[in-house]
Amino acid sequence: MNIQRWIARREPNWQRLDALLRQIEKKGLKSLRAAEIRELASLYRSVAADLARARTQQIGNTLIQSLQSLTTRAYTQIYQGSRRQEWQAILKFYQWGLPSVVQKTFAYIAAATALFLVGALVAWWYSWQNPSFMPLIVPESLITKVRDEHKLWMGSIVGVEPLASSSIMINNLSVSFGAVAGGMTAGLYTVYLMVFNGLLIGAVGTLVGQNNLAYPFWAFVFPHGSLELPAIFFAGGAGFLLARAILFPGKYRRGDALKFYGSQAVQLVFGIVPMLVIAGAIEGFFSPNPSVPDAIKYLAGMGLFVLLVLYSSRKKT
């Protein structure tokens, strides 16, 4: 092989790849046109082949090192750059995409919230009117602890916070994913979970109220509940979106409706996961902490809820 002739023939490709890489390194991959991006990929493969040939033919170390540097830069921009774009897309979703889908699906989230509140009101009413109702919802051991020992049960978390936190996260995730998957039962299981959880919180709220423990109980609930309960409502909304696709596809074919409403449901699920992780950490470490005054816990819970409402109301300008 005539090395000088080969270098002269291949050098324009190396220079062109270098020029494209300099542009990307200065202005980013978005500064290239579609044709230039295709050219970049083609040149990368071509120069990688040139590097392999240069090593095989034992052409000078200087040229091999130059081609090695060029291919490394190209690899970084093509593959690492795509990963950067993926992270940027994720950031953009949580910045603007999630608030947008919450606003679009608000009616479904509101329906899930309403079912929960109806369950809570029913449990509150019947628990005050009929003492035999509460044991149908609340475990007997918990009723005994509150009524007979006049104690709340949250102190059992203290000392095992990491284990409790991860257990709480797993439980909340399973409830939320159950609410989402419940959409495939035409929403019946989603309705059951929303109403049952409402009944449970209503009955427990009545139990602690009857025994003058409401203030410390709600101080415990507020910090993590400000994220945990909305996350469950989001999950319920996602389940109802799937149920809508199955029962009332409207102008869509049922398969197309599942794709359309399922896409919105999946986006809600992406929002639920970080909310429940944060809520689980708060419930494991902050909510039961006896060294934090109850007033601070109330303020923290209300502050988190206000921030969530403001975040969900964001509109891209």
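Here are a few things to note about the model shown:
- Along each principal axis, Cα extent of the chain, largest first, Å: 98, 54, 37
- Cα-centred dipole magnitude for the range 85-313, charges only on beta-carbon of K, R (+1) and D, E (-1), debye, nearest 20: 780
- Peptides ranked, highest mean first, by Cβ atoms within 10 Å: ranges 254-266, 191-203: 191-203, 254-266
- Given charges at beta-carbon only (K, R positive; D, E negative), |dipole| of the range 3-81 in Debye: 120
- Taking the helices alone, the chain has a mean residue ellipticity at 222 nm of -26000 deg cm²/dmol, built from -39,500 (n - 2.57) per DSSP H run of at least 4 residues and averaged over all its residues.
- 1.4 Å probe accessible area per residue over the chain, in Å²: 55
- Close amide H pairs (under 5 Å, H built 1.01 Å from N) link Leu152 with no residue at least 5 positions away or on another chain.
- Straight-line cross-link reach from Lys92 at under 27 Å between alpha-carbon atoms covers these lysines, not counting any fewer than eight positions away in the same chain: Lys26, Lys27, Lys30, Lys104, Lys259, Lys315, Lys316.
- Membrane-span-like helices in the chain (whole DSSP H runs, Cα extent of at least 15 Å along the helix axis, mean Kyte-Doolittle hydropathy of at least 0.0): 34-56, 106-129, 161-181, 188-210, 214-247, 254-281, 294-312.
- Kirkwood Rh in Å, taken over the range 3-81 so that all alpha-carbon pairs contribute: 12.8
- Portion, in percent, of the accessible area of the chain that falls on carbon or sulfur, probe 1.4 Å: 63
- Euclidean distance between Cα centres, the range 125-139 to the range 252-289, Å: 31
- Semi-axes of the equivalent ellipsoid for the range 86-125, computed as √(5λ) from the eigenvalues of its C-alpha gyration tensor and ordered from largest down, come to 33, 10, 5 Å.
- Contact order for the range 3-81, expressed relative to its length and based on alpha carbon pairs under 8 Å spaced 6+ residues apart, stands at 39 percent.
The values are calculated or read from the model by the stated rules, or taken from the named source; none is laboratory data. What you are looking at is a predicted structure, and each value in this text was computed from that prediction instead of being measured. We place every Cβ from the backbone using ideal geometry, glycine too, and count neighbours over all the protein chains shown. To get the accessible areas, we keep the full protein, side chains included, count just its heavy atoms, and leave off ligands, DNA and RNA. Shrake-Rupley method; radii C 1.70, N 1.55, O 1.52, S 1.80 Å.
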